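Have a look at the structure below, then the notes.
The values are calculated or read from the model by the stated rules, or taken from the named source; none is laboratory data. Computed from a predicted model, the values in this text were never measured in an experiment. Cβ atoms come from the backbone with ideal geometry, glycine included; neighbour counts cover every protein chain shown. The area values use the complete protein model at the heavy-atom level, side chains included, leaving out ligands, DNA and RNA. Shrake-Rupley method; radii C 1.70, N 1.55, O 1.52, S 1.80 Å.
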Amino acid sequence: MDSVKNEVKTYPAYLTGEWRESQSQKTIAIKSPWKHEVIGNVQAVTQPEVDESIQAAKEAQHSWAKLSLGDRGQYLNRWADELEEAKDDIATSLMNEVGKNFKSAEGEVQRTIDLVRYTVQEALHMHGQSVRGDGFPGGSKNKLGIIERVPLGVVLAISPFNYPVNLAASKIAPALIAGNAVIFKPATQGSITGIKMIQALDRAGFPKGILSLITGHGSEIGDYLTEHPGINMISFTGSTQTGKHLSQKSIMIPLVLELGGKDPAIVCDDADLDKTADNIVKGAYSYSGQRCTAVKRVLVDDKVADELVAKLKEKVENLSVGSPVNDSAIVPLIDDKAADFVQGLIDDALDKGATLVSGNKRDGNLLQPTLLDNVTEDMDIAWIEPFGPVLPVIRVHSVDQAVEIANKSNFGLQASVFTQDIDKALEIAGAVEVGTVQVNGRPQRGPDNFPFLGVKASGMGTQGVHNSILSMSREKLTVINLKP
Ligand code: G3H
């Protein structure tokens, strides 16, 4: 299936149910962020091939939607079985391609297998409603409305580099179980791993054309896909900039966008500081901070700031740094550009008077975990999402000031509140403008049965298994006008 040239594989795209080389005869080299060498090539798919895939998806979708829910579930469960068989290979690919440490990569694949199976179960337990007209003034009891959910058609699923398996499947599985066909566009860095997932799906024997995998540069086919009249819904995870662009380009179709974050950890003066520090460090630095839900700023009460910073420093300095093969917590960033960006934010903060507590050392795209104290609102790091291993600490005088700074951000994904006073926790939770508030815990998307959403520049629409199925289907009302 894969051709090999000088030990570097060239992977085909999966178009209309066939593994093919693109007519473009162009490929894109994928370089490992930590091996610093090309680990494979993927196809640069053309616009006519996009048309062909969408046409095939449309045709396949009609018979797919006619299958019983149980039958669609069996296909998906077979996909989960195939993913399980290929778990090691997919996890290794994930580690090589995006630099996630092996333990986390394996965890991501397992989480995905569980998600696919859970999605089937969730759909099997969802059902429609009926309503009688006499509930409305003057309405007739003889009108019986049957409300069912029907698929939207062809879903465009665009996944990011940082969760190439889980954030792809969390779009593909609900789309398919709801009766849609899928056009899957993985982030270019992450395409090889995406291909491996879809090889597993192919082995599960899905009907031809029900899913096509389009690899290629977003700059060449991104807008074409987004504006394509054959696409009926888009589910995207990635940067706020791309999400905004996509929402301007797409035309009258539902969108679910999971974008950036600047999640604050609000630390009150009564917090359990050991547990708080533990959560903040895991939340901020895992996978080198390349997570939308990473803790991206600490807003700590002055009274406990010294003590908290000392605890954070100790933990940050104990983080393992290096290669993903050794399960290091801190791994090289996705590319040099990302590392330059993070370094720029650190330099700006230090120039403007932030205190360097730890870190600020760099070897190419591998940055030491960096902790900055006494960060103030004039520094870029107070507002901009670094997507890297740097954490700013902003000292505040009161809960009100913490909430004010938290809400000044353009982002609104999640927030953590650390306090032992449940009333205070609920008051802060009510005041912060975010999708999710974590009380005494770090921000995170999972468990995957929870709703997951961002407000403001962090996104729109809600994910999580149940909500994703809802967002990829619509209500259809049939009214039976009974004899009077
Ligand atoms: O990067 C964005 C992801 O949705 C974060 O997921 O909280 O499971 O790391 P996570």
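Points worth noting:
- Computed from point charges on the beta carbon alone (+1 for Lys and Arg, -1 for Asp and Glu), the dipole magnitude for the range 203-307 about its Cα centre is near 800 Debye.
- Partners of LYS337 within straight-line reach, counting aspartates and glutamates whose Cα lies under 20 Å from its Cα and excluding those fewer than 8 residues away in the same chain: GLU37, GLU97, ASP347, ASP348, ASP363, ASP380, GLU385.
- Net charge dipole size for the chain [Lys, Arg +1 and Asp, Glu -1 on Cβ; Debye, nearest 20]: 1660 debye
- Solvent exposure of the range 255-350, expressed per residue, is 33 Å² of accessible area, with all protein chains present and a 1.4 angstrom probe.
- The listed peptides 367-373, 10-16, ordered by packing as a protection proxy, come out as 367-373, 10-16 (highest mean of other Cβ atoms within 10 Å first).
- Here the accessible area of the chain is 50 percent carbon and sulfur, with a 1.4 angstrom probe and all protein chains present.
- Peptides 41-50, 76-85, 348-357 ordered by average Cβ neighbours within 10 Å, highest first: 41-50, 76-85, 348-357
- Cross-link table LYS244/LYS424; LYS311/LYS361; LYS31/LYS313; LYS244/LYS313; LYS31/LYS87, entries beyond 26 Å C-alpha to C-alpha: LYS244/LYS424; LYS31/LYS313; LYS244/LYS313
- Across all C-alpha atoms in the range 66-118, the radius of gyration and Dmax reach 13.0, 42 Å.
- For the range 422-484, the Kirkwood radius over C-alpha pairs fed into Stokes-Einstein at 25 °C and 0.890 mPa s yields D = 168 µm² per second.
- Only Cα pairs under 8 Å and 6+ residues apart enter the sum, and on that basis the relative contact order of the range 308-429 stands at 19 percent.
- A Förster radius of 30 Å combined with the Cβ-Cβ distance from ASP327 to ASP270 puts the calculated FRET efficiency at roughly 0.30.
- Taking the longest Cα principal axis of the chain as reference, the axis of helix 87-98 is set at about 60 degrees.
- All Cα-Cα separations within the range 54-200 were binned at 10 Å from zero, giving a P(r) of 11, 35, 27, 14, 7, 4, 1, each value a whole percent of the pairs.
- Between 0 and 90°, nearest 10: helix 191-203 axis offset from the chain longest Cα axis: 40 degrees
- Antiparallel DSSP beta bridges within the chain, as percent of all bridges there, nearest 5: 50 percent
- Contact order normalised by residue count of the chain, Cα under 8 Å, 6+ apart, percent: 17 percent
- log10 of Debye I(q)/I(0), alpha-carbon scatterers only, for the range 1-104 at 0.18, 0.20 Å⁻¹: -1.09, -1.15
- A simple spin-label model places pseudo-atoms 7 Å from Cα toward Cβ; at LYS143 and ASN449 they are separated by 3.8 nm.
- Rg/Rg_globular for the range 89-138, with Rg_globular taken as 2.2 N^0.38 Å and Rg from C-alpha atoms: 2.19
- Degrees, to the nearest 10: 166-177 long Cα axis against longest axis of the chain: 20 degrees
- Principal semi-axes of the equivalent ellipsoid, √(5λ) from the alpha carbon gyration tensor of the range 373-418, are 17, 14, 11 Å from largest down.
- 15 Å Cα-Cα reach of LYS143 towards aspartates and glutamates, excluding residues that sit fewer than 8 places from it in its own chain: ASP134
- Each peptide in 102-108, 471-477, 163-169, 424-430 gets a packing score, the mean of other Cβ atoms within 10 Å over its residues, and the list from highest to lowest is 163-169, 102-108, 471-477, 424-430.
- When the charge dipole of the range 172-290 is built from unit charges on Cβ atoms (+1 for Lys and Arg, -1 for Asp and Glu) and taken about the Cα centre, the candidate among ILE210, TYR285, GLY179 whose Cα reaches farthest toward its positive end is ILE210.
- In the chain, helices alone account for a calculated mean residue ellipticity at 222 nm of -12500 deg cm²/dmol, with every DSSP H run of four or more residues adding -39,500 (n - 2.57).
- A convex hull fitted around the alpha carbon atoms of the range 253-400 yields 138 Å³ per residue.
- Spin-label proximity, GLU317 to the range 330-346 - amide N less than 18 Å from point 7 Å beyond Cα toward beta carbon: 330
- Dimensionless Rg over Rh [the chain; C-alpha; Kirkwood]: 1.01
- Probing with 1.4 Å while keeping every protein chain in the model, the per residue accessible area of the range 351-482 equals 44 Å².
- Environment charge of ASP348, counting only residues whose C-beta is closer than 11 Å and scoring Lys/Arg +1, Asp/Glu -1: -3
- Annotation: amide H of ALA187 within the under-5 Å range of SER159, sequence separation 5 or more or interchain, hydrogens built in the peptide plane.
- Spin-label model, VAL131 to ASN440: label points 7 Å out along the Cα-to-beta-carbon direction sit 4.1 nm apart.
- Karplus-derived HN-Hα couplings along the range 439-452 (A = 6.51, B = -1.76, C = 1.60, θ = phi - 60°), whole Hz, x at Gly and Pro: 8, 6, x, 7, x, 6, 6, x, x, 6, 8, 7, x, 9
- Translational diffusion of the range 340-484 was estimated from the Stokes-Einstein equation, with Rh taken as the Kirkwood radius over Cα pairs; at 25 °C and 0.890 mPa s the coefficient is 136 µm²/s.
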